[in-house]
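Single-structure report; data block below.
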Amino acid sequence: MTNVIYAVAVLGILGAVFGALLAFASKIFYVEHDERIDQILGVLPGANCGGCGFAGCANCAEAIVEGKAKVSACPVGGPAVASQVAKIMGVEDAGSERMVAHVYCCGGDRAVKKFEYDGLKTCAAANKVAGTHMACPSACLGFGSCVAACKYDAIHVENGVAKVDMDKCVACGACAAACPKGLIEMVPAKQKVFISCRNTEKGVVVRNKCQVGCIACTLCAKKCPSEAITIENNLAKIDYTKCTNCGTCATVCPRKLIVDLAAKPAEAAPAAPAAPAAPAASAQ
Amino acid sequence: MDAAKLLDIMLGAILINNFIFSQFLGICPFMGVSKKTDTAAGMGMAVIFVMGLASAICWVINRFVLVALGLQYLQTLAYILVIAALVQFVEMFLKKAVPSLYSALGIYLPLITTNCAVLGVVLLNTQNNYNFIESVVYGVTGGIGFLIAIVLFASIREKLRFADYPKAFEGFPIALVTAGLLALAFMGFSGMSIPW
């Protein structure tokens with residue numbers, strides 16, 4: 001009987017002593033802690049994707065409270081989270097807008113290959129072999145390093161070229177970082193018209209490398225009613241601040257490389273392969 | 001003699017009876033926190049720290065409370081209590097006193113509460129009748145053994161990402177196979193002893 005009492009007493013006392021010590025220690029070692037950090041952490045998505053540039057949501061919340069990051073720092077949460085965070089911080093949310101990723105290449109199967117690449121099936125590896133197997137120096141390699149990097153299932157390789165699912169994309173930027181060609185950029189979600197090409201070579205050269213490469217024919221620039229398109233380095237470029245998403249350029253582009261996401265049905269019908277398809281043998 | 005025994009304990013804890021590879025204690029953090037070498041090293045450092053402290057405190061509790069009252073059968077229970085409280089305390093202390101160390105080890109400290117290698121080391125101290133210094137040495141070197149094991153494993157796992165193995169082995173299966181091979185390699189130390 002005394003054994004039991006001893007055992008209970010000893011463990012009870014040990015527990016009580018440790019408990020008291022810990023309680024005491026928590027007072028002594030109390031660290032000033034801004035409770036807004038916890039509140040913001042509660043509002044953030046909690047995926048710890050690192051899209052904000054910090055190690056995780058906790059670090060992001062800390063940075064926001066310390067003023068090192070904007071209230072709209074979280075690209076995943078978008079405006080909804082930004083306004084909640086702004087409320088916690090007691091500031092006005094300075095109009096953040098939703099961004100999405102866009103792939104500046106639409107070549108894929110329509111681009112010419114220099115040789116059959118049979119190595120490691122990642123873009124980074126393919127990018128290191130003889131200037132890639134694609135004839136175009138700025139072609140999507142289609143091995144889907146961006147797909148692997150995406151935590152939101154928002155980017156897929158279709159017909160040999162990566163394509164972003166605008167509804168799922170949260171603009172965390174993981175795909176852009178994974179693309180060895182740097183073809184992916186974050187763009188405003190309201191933007192619907194894109195010139196999906198990055199090739200800056202001369203038109204004649206591009207013609208031999210890709211059915212849908214920009215040959216700098218300047219048709220789009222001439223037809224654009226809001227003068228939003230300029231030709232730089234043999235490549236058409238849209239100024240998104242001027243663009244009204246009218247889609248004129250997409251209809252006039254002879255190479256059909258200007259993507260108008262608003263005009264889905266028209267895009268669904270593939271452009272007739274009237275473009276002078278370059279024979280694969282012509283490459284190097 | 002004393003120095004020789006200490007050396008024996010050290011060598012035993014680090015290589016011959018490595019906690020991970022020969023005693024198979026602390027496998028959970030070993031598998032869980034070994035995806036990157038630097039986090040693995042952080043975990044290892046935290047384990048060294050906690051194992052050393054736990055060995056010292058548990059020795060004192062055992063000698064002056066449990067043995068004195070003839071309550072040795074309460075060792076496991078009392079040690080768990082000590083370890084849990086210790087880890088909590090260390091976490092609080094580091095947060096206040098050494099914030100840089102806390103941010104480096106912070107997330108691993110609570111994990112150590114559930115690391116059975118720590119409980120293993122204090123129980124083995126009692127089982128082997130180590131004195132205070134021997135206990136602390138065993139605790140610290142046991143932690144060093146854990147550090148070596150987890151860093152070795154993590155660096156292999158980092159390389160494994162580029163290896164071409166069957167899809168069925170992706171993730172944990174290949175990690176377990178690797179751990180098994182590493183344990184086999186560590187068996188090579190089993191014949192070692194110090195000839196004094």
- 5 angstrom amide H check on A:Val100, placed H, neighbours 5+ away: A:Val187, A:Ala189
- How many times 2.2 N^0.38 Å is the alpha carbon radius of gyration of region A:191-262? 1.00
- Note on the structure: Here the gain from full extension of A:Arg98 to A:Lys27, 0.36 nm per residue of separation minus their alpha-carbon distance, amounts to 21.1 nm
- Name the long-range amide H neighbours of A:Ala162: under 5 Å, sequence gap of 5 or more, or other chain; modelled H, no Pro or chain starts. A:Gly142
- Most exposed to least, judged by fewest other Cβ atoms within 10 Å, B:Thr113, A:Thr241, A:Thr200 sort to A:Thr241, A:Thr200, B:Thr113
- Query: Which residue, chosen from B:Ala46, B:Phe30, B:Pro110, occupies the Cα position most advanced towards the positive end of the dipole of chain B, where the dipole is computed from +1 (Lys, Arg) and -1 (Asp, Glu) charges on Cβ about the Cα centre?
  - Reply: B:Pro110
- Note on the structure: Shape descriptor, region A:149-228: equivalent ellipsoid semi-axes (Cα gyration tensor, sqrt 5λ, whole Å, largest first) stand at 26, 18, 10
- Query: Cα extents of region A:61-145 along the three principal axes, largest first, in whole Å?
  - Reply: 59, 24, 16
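Could you put A:Leu257, A:Leu21, B:Leu66, B:Leu181 in order, starting from the residue whose Cβ has the fewest other Cβ atoms within 10 Å? Present the calculation step by step, with values, prior to reporting the outcome.
Numbers: A:Leu257 26, A:Leu21 14, B:Leu66 21, B:Leu181 11.
Least to most surrounded, the residues fall as B:Leu181, A:Leu21, B:Leu66, A:Leu257.
Please order A:Glu185, A:Glu158 by the number of other Cβ within 10 Å, starting at the fewest.
Values: A:Glu185 15, A:Glu158 11.
Neighbour counts put them in this order, fewest first: A:Glu158, A:Glu185.
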- Message: From the phi angles alone, apply the Karplus equation (6.51, -1.76, 1.60; θ = phi - 60°) to region B:38-49 and give each ³J(HN,Hα) in whole Hz, x where the residue is Gly or Pro.
- Response: 6, 5, 4, 5, x, 4, x, 4, 4, 5, 4, 4
- Count charges around B:Tyr102 for me, please; just the other residues with Cβ under 11 Å from its Cβ, Lys/Arg as +1, Asp/Glu as -1. +1
- Query: Roughly how many debye, to the nearest 20, is the charge dipole of region A:35-89 about its Cα centre, given +1 on each Lys and Arg Cβ, -1 on each Asp and Glu Cβ, and no other charges?
  - Reply: 180
- Task: Compute the separation of the alpha-carbon centres of region A:1-77 and region A:108-140 and state it in Å as a whole number.
- Result: 48
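What does the charge dipole of chain B about its Cα centre add up to, to the nearest 20 debye, if the Cβ of each Lys and Arg holds +1 and the Cβ of each Asp and Glu holds -1?
On the way: 10 positive and 8 negative charges, 69 e Å.
In debye, rounded to 20, chain B gives about 320.
Ratio of Rg to Rh for the protein assembly as shown, alpha carbon only, Kirkwood? Can you show the working numbers first?
Numbers: Rg = 31.2 Å, Rh = 27.5 Å.
Here the Rg-to-Rh quotient is 1.14.
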- Message: Can you find, among A:Gly107, A:Val170, A:Ile215, the residue sitting farthest towards the positive end of the charge dipole of chain A, where Lys and Arg contribute +1 and Asp and Glu -1 at Cβ?
- Response: A:Ile215
- Item | HN-Hα J in Hz across region A:165-178 - Karplus 6.51, -1.76, 1.60, θ = phi - 60°, x for Gly and Pro | 8, 4, 6, 8, 5, 10, 6, 6, x, 5, 5, 4, 6, 7
- Message: Which GluC sites (Glu not before Pro) in region A:197-232 sit in a loop by DSSP (not H, G, I, E or B) and have at most 13 other Cβ atoms within 10 Å of their own Cβ?
- Response: A:Glu227
- Tabulate in residue order the Karplus-calculated ³J(HN,Hα) for region A:36-45, using 6.51 cos²θ - 1.76 cosθ + 1.60 with θ = phi - 60°, rounded to whole Hz; enter x for Gly and Pro. 5, 4, 5, 5, 5, 4, x, 7, 5, x
- Query: Taking the simple approach of a point 7 Å from Cα along Cα-to-Cβ for both B:Ala84 and A:Lys87, what is their distance in nm?
  - Reply: 3.9
- Task: Only Lys, Arg, Asp and Glu count, each charged at its Cβ (+1, +1, -1, -1), so figure out the dipole size of chain A about its Cα centre, rounded to 20 debye.
- Result: 1160
- Item | Label-point separation in nm, A:Leu120 to A:Asp38, each point 7 Å along Cα→Cβ | 4.5
- What does the helix-only formula give at 222 nm for chain A: each DSSP H stretch with n ≥ 4 adding -39500 (n - 2.57), the total divided by the residues, and the result rounded to the nearest 500 deg cm²/dmol? -9000 deg cm²/dmol
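Around A:Leu183, what is the net charge, scoring Lys/Arg as +1 and Asp/Glu as -1 over all other residues with Cβ under 13 Å from its Cβ? List each step's numbers first, then the result.
Values: positive: A:Lys163, A:Lys181, A:Arg198; negative: A:Glu185.
Every neighbour counted, the sum reads +2.
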- For A:Met134, list long-range residues whose amide hydrogen, built 1.01 Å from N in the peptide plane, is under 5 Å from its own amide hydrogen. A:Lys114
- Query: Helix B:116-127 versus the longest principal axis of chain B: what is the Cα-based angle in degrees, 0 to 90, to the nearest 10?
  - Reply: 40
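I need the GluC sites (Glu not before Pro) found in region A:22-89, filtered to DSSP loop residues with at most 11 other beta carbons within 10 Å of theirs.
Numbers: sites: A:Glu32, A:Glu35, A:Glu62, A:Glu66; in loops: A:Glu32, A:Glu66.
Loop-located and lightly packed - A:Glu32, A:Glu66.
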- Note on the structure: In this structure, the FRET efficiency calculated for A:Lys128 and A:Asn233 from their beta-carbon separation, with R0 = 35 Å, to the nearest 0.05, is 0.90
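Computed from the coordinates by the stated procedures, all read-outs in this text should not be read as laboratory data. Nothing here was measured: the structure is a model prediction, and the numbers come from that model. So basically every Cβ, Gly included, is an ideal-geometry build from the backbone, and we count neighbours across all protein chains shown.
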